[in-house]
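Take a look at the structure below.
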Amino acid sequence: MAETGIEERSSSTTHPDRLLVHPIARWHADHSNFARLLDLVEQQVDAMHEGKRPDYELMRSIVYYLRQYPDRFHHPREDVAFARMAQRDPRLQLEIARRMQEHVVIAATGETLLKFLDDIIAGVVIDGPALEAAAATYLVYYRHHLDAEDRQVIPRAMELLTSEDWRAVAAIPTELDPLFGADVDARYSELRKRIAREPKPAEG
Ligand SMILES: [Fe+2]
Ligand SMILES: [Fe+2]
């Protein structure tokens, strides 16, 4: 494995979000968090499919978070890591190009889904089957993306990327995670409580 750097989420305090975190560990932890959220969305899609009223507020909170945090911070960091991987091993270019394109699609489909949810919560009459299809498609697409990164990209990143590469990744501006971090943004307090009530996912 290439030598890897350590990401410092900088501060003199011992805030849990600011502890020294190995970038690969942070990468896996983010994916695990996103997968938990997608499971919650799936429960709501199942309810829709059974003709029950889903928890639209919960869905909106999740999709809003996915637009605000992964799309703005997790994916841009990956894009830097991926570009460097493709430089170090040009055989990865096609695979890397796919994953980067998926970031664009995830953001666009997330925005569409968020608009549906904003509308229905505002009382706008929407096309129910179209909302169900948008949510189900988002789930399948997002899960495929996480799985491809976990299985194919992260193991290669561990082999290929150097300390300098990881420093370049860590240099991309980020914010503390407003949902899974220690300081939960007020808009996510209900979602955070809901996550805490769910069974913990199996490790690995
Ligand atoms: Fe990604
Ligand atoms: Fe990712």
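Of the residues contained in region 114-128, one or more are found to be in contact with a Phe, Trp or Tyr (Cβ under 7 Å, 6 or more places away or on another chain), without any contact (Cβ under 8 Å) to a residue 40 or more places away in the chain and either of a type outside the set (S, T, N, Q) or over 25 Å from Ala171 (Cα atoms) (or both). When region 35-77 is limited to residues that are away from ligand 2 (no atom under 16 Å from the Cβ) and part of a loop (DSSP other than H, G, I, E, B), the one that is surrounded by the most Cβ atoms within 10 Å (Cβ to Cβ) turns out to be Pro54. Of the residues making up region 87-99, those that are within 16 Å of ligand 2 (Cβ to nearest atom) and surrounded by 15 or more Cβ atoms within 10 Å (Cβ to Cβ) number 4.
Determine if region 79-96 includes at least one residue that is under 21 Å from Arg143 (Cβ atoms), of a type outside the set (A, V, I, L, M, F, W, C), under 13 Å from the mean Cα position of the chain (by Cα) and within 16 Å of ligand 1 (Cβ to nearest atom). No, region 79-96 has no match at all.
Listed here are the residues, each with its yes/no results for (1) within 15 Å of Phe34 (Cα to Cα); (2) small (Gly, Ala, Ser); (3) without any contact (Cβ under 8 Å) to a residue 40 or more places away in the chain; (4) out of contact with any Asp or Glu (no Cβ under 6 Å at 6 or more places or on another chain).
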{"site": "Leu146", "(1), (2), (3), (4)": "yes, no, no, yes"}
{"site": "Glu149", "(1), (2), (3), (4)": "yes, no, no, yes"}
{"site": "Trp166", "(1), (2), (3), (4)": "no, no, no, yes"}
{"site": "Ala170", "(1), (2), (3), (4)": "no, yes, no, no"}
{"site": "Asp183", "(1), (2), (3), (4)": "no, no, no, yes"}
{"site": "Ala186", "(1), (2), (3), (4)": "no, yes, yes, yes"}
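Within region 131-160, the set of residues being hydrophobic (A, V, I, L, M, F, W, C) and in contact with a helix residue (DSSP H, G or I) (Cβ under 7 Å, 6 or more places away or on another chain) comprises Leu131, Ala134, Ala135, Ala136, Leu139, Leu146, Ala148, Val153, Ile154, Ala157, Met158, Leu160.
Is it fair to say Val105 is among the hydrophobic types (A, V, I, L, M, F, W, C), assigned to a helix (DSSP H, G or I), loosely packed, with under 15 Cβ neighbours inside 10 Å and within 16 Å of ligand 2 (Cβ to nearest atom)? Here the answer is yes, as Val105 does meet what is asked. Taken together, the criteria place Ile24 among residues that are within 16 Å of ligand 2 (Cβ to nearest atom) and part of a helix (DSSP H, G or I).
Cβ-Cβ distances below 8 Å connect the following pairs, each with a first residue in region 89-111 that is more than 20 Å from Leu38 (Cβ to Cβ) and of a type in the set (Val, Ile, Thr), a second residue that is part of a helix (DSSP H, G or I) and within 15 Å of ligand 2 (Cβ to nearest atom), and a separation of six or more residues or different chains: Ile96/Phe82; Ile96/Ala83; Ile96/Met85; Ile96/Val153.
May I ask you to verify whether Asp165 is charged (D, E, K, R), more than 15 Å from ligand 2 (Cβ to nearest atom) and crowded, with 18+ Cβ neighbours inside 10 Å? Against the criterion (charged (D, E, K, R), more than 15 Å from ligand 2 (Cβ to nearest atom) and crowded, with 18+ Cβ neighbours inside 10 Å), Asp165 qualifies.
Please give the helices (runs of 4 or more DSSP H) falling wholly within region 127-204 in which 2 or more residues are at pLDDT 95 or above and small (Gly, Ala, Ser).
Because the criterion is at least 2 residues that are at pLDDT 95 or above and small (Gly, Ala, Ser), the helices (runs of 4 or more DSSP H) in region 127-204 that meet it are 128-148.
The values are calculated or read from the model by the stated rules, or taken from the named source; none is laboratory data. Everything numeric in this text was worked out from a predicted model, so none of it was measured. We place every Cβ from the backbone using ideal geometry, glycine too, and count neighbours over all the protein chains shown.
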